[in-house]
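In what follows, a single structure is set out as structure tokens and then discussed.
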Amino acid sequence: MASLVIKSAAFGSRVIELNLGVNRFGRSPENDFQIEHPTVSALHCEIVLAGEGVLVRDCASSNGTFVGGERIEEASLSAGQTLHLGEVELLIETTEVTVAIPKFDISCPAPPVVLPDGSLICPRHPQARVTHKCTHCREVLCDACVHRLRRHRGKLLKLCPLCSHPCVPIESEKPKKRSFLGLWGKTVKLPFLHGSRKKETE
């Protein structure tokens, strides 16, 4: 990470490790880095550490902020340059920025098992068969995996739990079982029903 070294004798080559973002320097203890010296203002300057480099910004200090001997309001800093806050001298030791990205371990389920009849076993629910497939990530899912969202006017959306894209069935839905009376009415002619229909036509 970027760092500065205070070269003025009274500070004993104190090393300052900059934090990502804004680092406030000044005589006041409320700053991120307190530099107690009569020529340093209460809030003297800000040093901003970001991915694109290091920037110093003077905060209307009384005795000024200097980079390479020139008074500045705002300037970029490079390794090896000298920075003065009033009469306090600092050396820019390094301007390297290290951004650590945390590693996430994503567990991938085992591939689905293919049964002799060609159907698949869900990788997440070993007791269930695959019924849907995501249109985006192509993941296979059982009924328990699919997220269901009912929209306005009753339209049901089936969504993938991994990428939230729509899912489509990969096997035909089982036909609805007909009731016994419904089936009987289709196959047996009922005299009273026949008579009532006849009267309606007269």
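What the table below lists for this structure:
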| read-out | value |
| --- | --- |
| Ranking by accessible area, most exposed first, for Asp58, Asp143 with a 1.4 Å probe | Asp143, Asp58 |
| Extension reserve of the Leu91-Glu52 stretch, reckoned as 0.36 nm per residue once the Cα distance is removed | 12.1 nm |
| Length added when fully stretched, Glu70-His147, from 0.36 nm per residue minus Cα-Cα | 21.4 nm |
| Net charge of neighbours whose Cβ lies under 15 Å from the Cβ of Glu52, counting Lys and Arg as +1 and Asp and Glu as -1 | -1 |
| Cα gyration tensor, the range 1-66 - rounded (a/c under 1.5), prolate or oblate | oblate |
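The values are calculated or read from the model by the stated rules, or taken from the named source; none is laboratory data. Remember, predicted model here, so these are calculated numbers, not experimental data. Please note: Cβ atoms are built from the backbone with ideal geometry, for glycine as well, and neighbour counts cover all protein chains shown. In case anyone asks, the SASA skips ligands and DNA or RNA and just uses the protein heavy atoms, side chains included. Shrake-Rupley method; radii C 1.70, N 1.55, O 1.52, S 1.80 Å.
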